[in-house]
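Colleague: The structure follows.
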Amino acid sequence: MTFLQLNDIRKNFGEVSVIKGVSFSAERGEFVVFVGPSGCGKSTLLRMIAGLEDVSGGAMSIDGKDVTYEEPAKREVSMVFQSYALYPHMSVFENMAFGLRMAKLPEAEIKSRVLEAARILQIEPLLERKPRALSGGQRQRVAIGRSIVRNPKIFLFDEPLSNLDADLRTQMRVEIAKLHRNLGATMVYVTHDQVEAMTLADRIVVLRGGLVEQIGTPTELYDRPANTFVGGFIGSPKMNFISATVEQADGARLVLNHAAFVGGHLQLPFAGAAALKPGDKVTVGLRPEHLSLDAENPVLSLSLDISENLGGATQLYTTGAGEAVTLLVAGRPPLKPGDKLRVGINADHIYLFDAQGLALRA
Amino acid sequence: MADMTAKPNRGYRRWTPFWFLAPAVATLLLIGIYPTLFALITSFRRYNIARPREGFDFIGFDNYASVLTDSTFWASLGTTARFYVSVLPIQVMLGLAIALLLHKTGMGFLKALARVTLVVPLATTYAVVGLIGRLIFNRDFGVANQILNAIGVGGFDWLGSPRGAFTAIAIMDIWQWTPFCALIFLAGLSMVPGEIEEAARLETTSKWALLRYVQLPYLLPGLTALLILRSADVLKLFDMVFVMTRGGPGAATDLVSIYIQRVGFRIFDLGTASAQAILLLVLTILISRLYIRILYREVQ
């Protein structure tokens, strides 16, 4: 059943419309990630779920109860902030206990809940310390602990890892995933980092300019991006785009025209070809990791600009007829700048988008 | 031949800092330190300029002894203390209330206007506040009595009755200093990081809990400064009260500073007045230390 429901949620700051009608729902126990570039409204949306921002339009319910205009504390949600937002004058124990004290729980209950959370997060030795005596990672644990003890209906995370260094970020990411598995709680997580989104989410909501671009599992977003934006945003390195022209479209076969293609043409089986006619503009999406150097039927003829040795893999930056194309290949191919490459790809891995950037489906 | 080892002249010499500091230090010496030292020395001498024939001898702690056994001094100190405990709680509470209202979101323009308005009483000279007070509390045409008449309570002689005069100077002091409290508290409230306030709002709906447990720790340094400033200020409060009541009627508004002024410049017994002033200085320092010890906590 639907646990968190957003219905055409809107938010205006004065004249500026930041959220332009977002609808989506999450099941109990689901891990939902809002992802998008800066300014897409993902944090605002999260803060609206928390009740920290007023809703300008639409409705919202949690566990079947309308909370559109409910006070934050009555929504039974907890939030982990980017800056951790620990109370600086309280000890770690008091930080975690504060919400419970406000809820007037018996002291013994408070103690057992805090100690349990501290045990889960391995911060028991820190309970008497003040936040200023903690490292960034420890503060983040305390902030998460403060959420756990309240046993909220929904955990909200607002870019919780962006203040941590790379190592710690990976480690905390794994811990949050574990925490989700162990608690089975509903979590909504905001990030601009698509790796965090891919690894943590049951479902990702991709936002841009206050609108939902696509909602789906990480695999769906990767395999079937709804448009060029999602295609480019999910996946690292970014998907390559080549603007081509339809030369022939008949039945289940498509012939595309672009100087970067070997022989200037690309012929591929495409069940949706009937919708296209010669002269139509299409965008061809190719993921760097799907391109290969030693293909039997090369489709692209490229010239190498520069290669980056990543150790186990090599990232190749190439151009073909003015289009920049990035490749991610295994090992360390013996190439030097200026080399001509003939690059292949499995036809299943070719993404097609129409002139408006929307995915063409077979 | 050019000296290649010479440093480029940046207009900076050994004495440059001295010249920059000199005017401030000289002013401080002249109007702060010299008078204080003069008062300190005078407090140990017989120094009645109306009776020069008695001489200006050093008399040890005689002046202090006579001050400490002077019942009028103690009475005026008591009046001052009564004044302090009457006005300060009201100023703090009212100031906090105003600050909390101004700290709320929304109505940006009105709030900006209110903040500017708050500065007006602060920028008003004490003597002018006293003059305004005399007009407001005038028995015949003052606005205070006009209002009392309008609501049917009937006016009365504010400045002519002991209780009325004391109330009148207290009201004027509250008018002048509540805005200061409000501004200090507002600064304290805006020190609370937004996310910490939001974290608390997710945990409690109680505005009181938010104030007590989250905002108050950020207000304490400001409150300490406020109490120290106000203590020093009330102990030397003179102009406004002098203009409004001259300490009267009777001794109803005879604050310690007014009494000292009378001893120093009506009786011209500068030795005793200096001893009183020095005692007041010591008292101010003691009170300040006490506030710092009890109240002052840095949040971070």
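The values are calculated or read from the model by the stated rules, or taken from the named source; none is laboratory data. As the structure is a computational prediction, the values presented were derived from the model and not from experiment. Virtual Cβ from ideal backbone geometry, glycine too; neighbours counted across all protein chains shown.
Colleague: Among the candidates A:S147, A:S83, single out the residue that is within 28 Å of A:D193 (Cα to Cα), assigned to a loop (DSSP other than H, G, I, E, B) and either in the same structural domain as A:L46 (by TED's automatic domain parsing) or among the basic types (K, R) (or both).
Modeller: Answer to the check: A:S83.
Colleague: Quick one: would you say B:L113 is surrounded by 15 or more Cβ atoms within 10 Å (Cβ to Cβ), of a type in the set (A, V, I, L, M) and either at pLDDT below 90 or farther than 30 Å from A:I148 by Cβ (or both)? Spell out how you get there, then give the answer.
Modeller: Numbers: surrounded by 15 or more Cβ atoms within 10 Å (Cβ to Cβ): no; of a type in the set (A, V, I, L, M): yes; either at pLDDT below 90 or farther than 30 Å from A:I148 by Cβ (or both): yes.
No, not satisfied.
Colleague: Given the criteria among the small types (G, A, S) and within 25 Å of B:A200 (Cα to Cα), does A:S56 qualify?
Modeller: For A:S56, the condition - among the small types (G, A, S) and within 25 Å of B:A200 (Cα to Cα) - is met.
Colleague: Quick check: anything in segment B:173-188 of a type in the set (G, A, S), closer than 20 Å to B:A123 by Cα and either within 14 Å of chain A (Cβ to nearest Cβ) or without any contact (Cβ under 8 Å) to a residue 40 or more places away in the chain (or both)?
Modeller: Yes - at least one qualifying residue is present in segment B:173-188.
Colleague: Considering B:F61, B:F20, B:F56, which residue is at pLDDT 90 or above and among the aromatic types (F, W, Y)?
Modeller: On the way: B:F61 fails: at pLDDT 90 or above; B:F56 fails: at pLDDT 90 or above.
The unique qualifying residue is B:F20.
Colleague: While we're here: If I ask for residues that are among the aliphatic types (A, V, I, L, M) and buried (at least 17 other Cβ atoms within 10 Å of the Cβ), which ones from segment B:134-169 would you list? Walk me through it before giving the result.
Modeller: Initially, segment B:134-169 is screened for residues among the aliphatic types (A, V, I, L, M), giving B:135-136, B:143-144, B:147-148, B:150-151, B:153, B:159, B:165, B:168-169.
Residues satisfying the conditions are B:I136, B:A144, B:L159, B:A165, B:A168, B:I169.
Colleague: Return a yes/no flag: does segment A:122-134 have any residue that is closer than 20 Å to A:F81 by Cα, within 12 Å of chain B (Cβ to nearest Cβ) and basic (K, R).
Modeller: Checking segment A:122-134: at least one residue is closer than 20 Å to A:F81 by Cα, within 12 Å of chain B (Cβ to nearest Cβ) and basic (K, R).
Colleague: Select the strands (runs of 3 or more DSSP E) contained entirely in segment A:238-337, then report the ones holding at least 1 residues which are touching a Phe, Trp or Tyr at 6+ places or on another chain (Cβ under 8 Å) and among the hydrophobic types (A, V, I, L, M, F, W, C).
Modeller: Fully inside segment A:238-337 and qualifying: A:240-250, A:253-257, A:281-286, A:300-309, A:323-330.
Colleague: So, one more: So, in segment B:269-300, how many residues would count as being under 30 Å from B:I49 (Cβ atoms) and charged (D, E, K, R)?
Modeller: The total comes to 1.
Colleague: Please name all residue pairs, on different chains or six or more residues apart, with Cβ atoms under 6 Å, provided the first residue is in segment A:164-192 and is not assigned by TED's automatic domain parsing to the domain that holds A:S43 and the second residue is crowded, with 19+ Cβ neighbours inside 10 Å and among the charged types (D, E, K, R).
Modeller: none
Colleague: Here's something else I'd like to know. Given the criteria more than 14 Å from chain B (Cβ to nearest Cβ), over 23 Å from the mean Cα position of the chain (by Cα) and surrounded by 20 or more Cβ atoms within 10 Å (Cβ to Cβ), does A:V92 qualify?
Modeller: Yes: the conditions hold for A:V92.
Colleague: Picking from B:A187, B:A170, which residue would you name as being of a type in the set (G, A, S) and touching a Gly at 6+ places or on another chain (Cβ under 9 Å)?
Modeller: B:A187
Colleague: Does A:A103 fit the bill of being closer than 26 Å to B:P217 by Cα, within 12 Å of chain B (Cβ to nearest Cβ), at pLDDT below 90 and more than 32 Å from the chain's Cα centre (by Cα)?
Modeller: Numbers: closer than 26 Å to B:P217 by Cα: yes; within 12 Å of chain B (Cβ to nearest Cβ): yes; at pLDDT below 90: yes; more than 32 Å from the chain's Cα centre (by Cα): yes.
So A:A103 fits the description; yes.
Colleague: Name the residue that is nearest to the other protein chains (Cβ to nearest Cβ), counting only residues in segment A:15-60 that are over 19 Å from B:T105 (Cβ atoms) and acidic (D, E).
Modeller: A:E30
Colleague: Determine which member of the set B:P217, B:P162 is in contact with a Pro (Cβ under 8 Å, 6 or more places away or on another chain), in contact (Cβ under 8 Å) with a residue 24 or more places away in the chain and more than 14 Å from every other protein chain (Cβ to nearest Cβ).
Modeller: Step by step, each of B:P217, B:P162 is checked, and only B:P162 is in contact with a Pro (Cβ under 8 Å, 6 or more places away or on another chain), in contact (Cβ under 8 Å) with a residue 24 or more places away in the chain and more than 14 Å from every other protein chain (Cβ to nearest Cβ).
Colleague: Got at least one residue in segment A:159-167 being of a type outside the set (S, T, Y) and assigned to a helix (DSSP H, G or I)?
Modeller: Yes, there is a match, as at least one residue in segment A:159-167 is of a type outside the set (S, T, Y) and assigned to a helix (DSSP H, G or I).
Colleague: Considering only segment B:237-247, I want to know if a residue exists there that is in a helix (DSSP H, G or I) and more than 16 Å from the chain's Cα centre (by Cα).
Modeller: Looking through segment B:237-247, at least one residue is in a helix (DSSP H, G or I) and more than 16 Å from the chain's Cα centre (by Cα).
Colleague: Hey, A:R113 hits all of (1) free of Cβ contacts under 8 Å to residues at least 40 places away in the same chain; (2) away from chain B (no Cβ under 14 Å) but one; which does it fall short on?
Modeller: Going through the list (1) free of Cβ contacts under 8 Å to residues at least 40 places away in the same chain; (2) away from chain B (no Cβ under 14 Å), A:R113 breaks only (2).
Colleague: Further question on the same structure: Being acidic (D, E) and under 18 Å from A:F155 (Cα atoms) is the filter here, so list the residues in segment A:186-241 that pass it.
Modeller: A:E196, A:D202
Colleague: To continue, here is another question. Go over the candidates B:I267, B:I278, B:I260 one by one and state the one that is more than 13 Å from chain A (Cβ to nearest Cβ), within 30 Å of B:G130 (Cα to Cα) and not in a helix (DSSP H, G or I). Show your work before the answer.
Modeller: Details: B:I278 fails: not in a helix (DSSP H, G or I); B:I260 fails: not in a helix (DSSP H, G or I).
Only one candidate passes the filter, namely B:I267.
Colleague: Kindly provide the set of residues from segment A:61-79 that are more than 14 Å from every other protein chain (Cβ to nearest Cβ), of a type outside the set (S, T, N, Q) and under 27 Å from A:T191 (Cβ atoms), ordered by number.
Modeller: Of everything in segment A:61-79, just one residue is more than 14 Å from every other protein chain (Cβ to nearest Cβ), of a type outside the set (S, T, N, Q) and under 27 Å from A:T191 (Cβ atoms), namely A:D63.
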